[in-house]
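The values are calculated or read from the model by the stated rules, or taken from the named source; none is laboratory data. All values derive from a computational prediction rather than experimental measurement. Cβ placement follows ideal geometry from the backbone for every residue including glycine, while neighbour counts extend to all protein chains displayed.
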Amino acid sequence: MNRKHIMPFGAEFRAQGETCFRLWAPQASSVALRLSERERELLMAQKDEGWFELTTEARAGARYQYIIDGQYPVPDPASRFQPAGVHGASEVVDAQSFPWQDALWGGRSWDEAVIYELHVGTFSPEGTIAGAEKKLAYLAELGITAIELMPLASFPGQRNWGYDGVLPYAPAASYGRPDDLKRFIQAAHANNLMVLLDVVYNHFGPEGNYLSMYAKDFFTDRHRTPWGQAINFDGPGSRVVRDFFIHNALYWLEEYHIDGLRLDAVHAIVDDSRPHILSEMAATIRARLGATRQIHLVLENDNNAAHLLRPNATSARPYTAQWNDDIHHALHVLVSGETGGYYSDYAEAPERHLGRCLTEGYSYQGEPSAFRRGCPRGEPSRDLPLSSFVAFLQNHDQVGNRALGERILEIAERAAVRAAVAILLLAPSPPLLFMGEEFATKSPFLFFCDFGPELAAKVRDGRRAEFSRFEQFRSPEAQSQIPDPNLETTFLDSKLDWRLLEQSSHHDWLAFYRQLLRLRHRHIVPRIKDIMPGRARYEVLAASAIHARWETRQAKCLELFANISGERVPLKQEPQGSMLYSTAETGATHLGSELPPFSAAWLLTA
């Protein structure tokens, strides 16, 4: 079968060997199409409301550029592929040429979700989509059900985290061609794995974005973002801008058969119109695809906006889930003892924050955040299903935004991390793993990019200045130890070293993850749909120790006793019930009268 997303932008290849080219350029007086194979320029017809259009003979694989006002060559903002990078020519792609063979794939239930976040360039030795495809069987055996790819949109240079993308329809050429990505997704489905894609709709990267030259209404001065110009979702010309991003979401879901999207930092998307762009996007996707496929839409949202996860007039569930930073921050404080920066909001009684996350979703549900100068943060979430909150101990942000990119095992006791992992992987909320954590990788995940010389220096100096606020990086000598993001060695140091699996300690850590995920799929997943929202409870047993309890409709309760401290914690009475898992000792059938140091025990009780 063939798949193609029809959209009003870009180059649409047609079966007769013709291609229709369309560009929205309201600030341009003229637009011409330069086809490299013809070595001449063809004037495009000017249509209403800033559109330019031309249908002409152009085969799949042809390279093309738009010439603005007779002198400025630019890539297609809706290019399907940029073989020579973001500054070069775009390529005509025949979207229907790939022979899809996964017609029976309809996705998987979100209750089954165990997510594995990976960066294509550093995940495999090859650093390509084809290299990642070789690891699919490994991920399936691990117990993963959903692969989350960090952003693939074309970015400047050869290496980038992906959040500096400027051509959101074009998979980065350094990872492979569009058909390589389609082949990866098809192979993932054959391994019963969902594929989620991280997309960035809050800003464009700082290099290689030419839109402001001919379509200034893509941006607005009314709003600001931490990364530069805000995207115009609510001012003059915003209808085209909104359609550009809504079609982008549909494009990945339809043309690439991706199972879901993770929307980056939506708190930085400002839209004063109604419906909000996030509401319109979700409603459009649900109406178009919801009847035939299980599509999962996940948010990153510092505002803890619970209303985006609730049913509304247009959708039973607009967004499936949100990354829950609260649970990460609470666990990080507990296992590492770090309380600087945003961790300061969790420094007092981190076990209380953990308990609330495990049983209610967010910890901040409208309470003032000291880190945010006393501003209230969040909305009530207790009534939502716990599957709405993605939980993690590591991800690209929390590792990569450290000056030296250290993994959690480099800064915390192994026993404490082991207890935290046992909590996350068996809790009702869907867990997320960051590539390599399952075998205790020693590779850091550093911030890396590949900008031109002027911007490269600003990024390097800006990053070092940012960390100068921390005591350990106050001196120029210490700052010089922070890796330069633009050096290739910074990127290469971030690659996973799969040879570590030949060492027993790393293989044992992998076996630990596999064991927990087998238990999750056998005992936790079947009960998730029966856990009653609003009925879970937690209590603090001691500093760094909690008891949590989830009631189910089957008259059984799931219970957790956890102690993330080096002290023994006495219990008022010995818990009764069937032991599902305990970190304390292999084969334990009951918990006893106290919690050992750095332990977690899961029980099923009446």
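In the stretch 466-489, the residue that is modelled with the lowest pLDDT out of those that are within 21 Å of His396 (Cα to Cα) and outside any loop (DSSP other than H, G, I, E, B) is Glu466.
For the criterion of being assigned to a helix (DSSP H, G or I), under 22 Å from the mean Cα position of the chain (by Cα) and over 18 Å from Leu118 (Cα atoms), Leu492 fails. Of the residues making up the stretch 266-289, those that are among the charged types (D, E, K, R), surrounded by fewer than 19 Cβ atoms within 10 Å (Cβ to Cβ) and in a helix (DSSP H, G or I) are Arg286, Arg288. Can you find a residue in the stretch 11-22 that is surrounded by 18 or more Cβ atoms within 10 Å (Cβ to Cβ), closer than 28 Å to Ala187 by Cα, at pLDDT 95 or above and among the hydroxyl-bearing types (Ser, Thr, Tyr)? No, that holds for no residue.
For the stretch 25-82, a residue qualifies if it is part of a loop (DSSP other than H, G, I, E, B) and basic (Lys, Arg), and the qualifying residues are Arg38, Lys47, Arg59, Arg80.
Here Val540 fulfils each of the conditions (1) under 25 Å from Ile144 (Cβ atoms); (2) among the hydrophobic types (A, V, I, L, M, F, W, C); (3) not assigned by TED's automatic domain parsing to the domain that holds Gly131 apart from (1). Filtering the stretch 344-385 to residues that are touching a Phe, Trp or Tyr at 6+ places or on another chain (Cβ under 9 Å), among the hydroxyl-bearing types (Ser, Thr, Tyr) and either loosely packed, with under 15 Cβ neighbours inside 10 Å or outside any helix (DSSP H, G or I) (or both) leaves Tyr362, Ser363, Ser369, Ser381.
Residue check: Gly88 meets all listed conditions (1) surrounded by fewer than 18 Cβ atoms within 10 Å (Cβ to Cβ); (2) in contact (Cβ under 8 Å) with a residue 60 or more places away in the chain; (3) over 30 Å from Leu425 (Cα atoms); (4) not charged (D, E, K, R) but one, namely (2). Counting only residues that are assigned to a strand (DSSP E or B) and small (Gly, Ala, Ser), which one in the stretch 555-606 is surrounded by the most Cβ atoms within 10 Å (Cβ to Cβ)? Looking at residues that are assigned to a strand (DSSP E or B) and small (Gly, Ala, Ser), I get Ala562.
Against the numbered list (1) under 27 Å from Ser238 (Cα atoms); (2) over 37 Å from the mean Cα position of the chain (by Cα); (3) assigned to a loop (DSSP other than H, G, I, E, B), Gln16 comes up short only at (1).
Pairs needed: first member in the stretch 142-163, without any contact (Cβ under 8 Å) to a residue 40 or more places away in the chain and of a type in the set (Val, Ile, Thr); second member anywhere, in a loop (DSSP other than H, G, I, E, B) and surrounded by 24 or more Cβ atoms within 10 Å (Cβ to Cβ); C-beta distance under 7 Å; at least 6 residues apart or different chains. Every condition considered, no pair remains.
Each row is one residue, and each column tells you yes or no for (1) crowded, with 23+ Cβ neighbours inside 10 Å; (2) modelled with pLDDT of 95 or more; (3) of a type in the set (A, V, I, L, M, F, W, C); (4) over 19 Å from the mean Cα position of the chain (by Cα).
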site	(1), (2), (3), (4)
Val390	yes, yes, yes, no
Leu393	yes, yes, yes, no
Gln398	no, yes, no, no
Leu409	no, yes, yes, yes
Met435	yes, yes, yes, no
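Matching residues to (1) within 28 Å of the chain's Cα centre (by Cα); (2) over 28 Å from Asp164 (Cβ atoms); (3) not assigned by TED's automatic domain parsing to the domain that holds Met194:
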{"residue": "Leu33", "(1), (2), (3)": "no, no, yes"}
{"residue": "Lys47", "(1), (2), (3)": "no, yes, yes"}
{"residue": "Phe52", "(1), (2), (3)": "no, no, yes"}
{"residue": "Phe81", "(1), (2), (3)": "yes, no, yes"}
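Only one entry in Gly290, Gly260, Gly237 is outside the structural domain of Gly50 (by TED's automatic domain parsing), modelled with pLDDT under 95 and under 17 Å from Leu196 (Cα atoms), namely Gly290.
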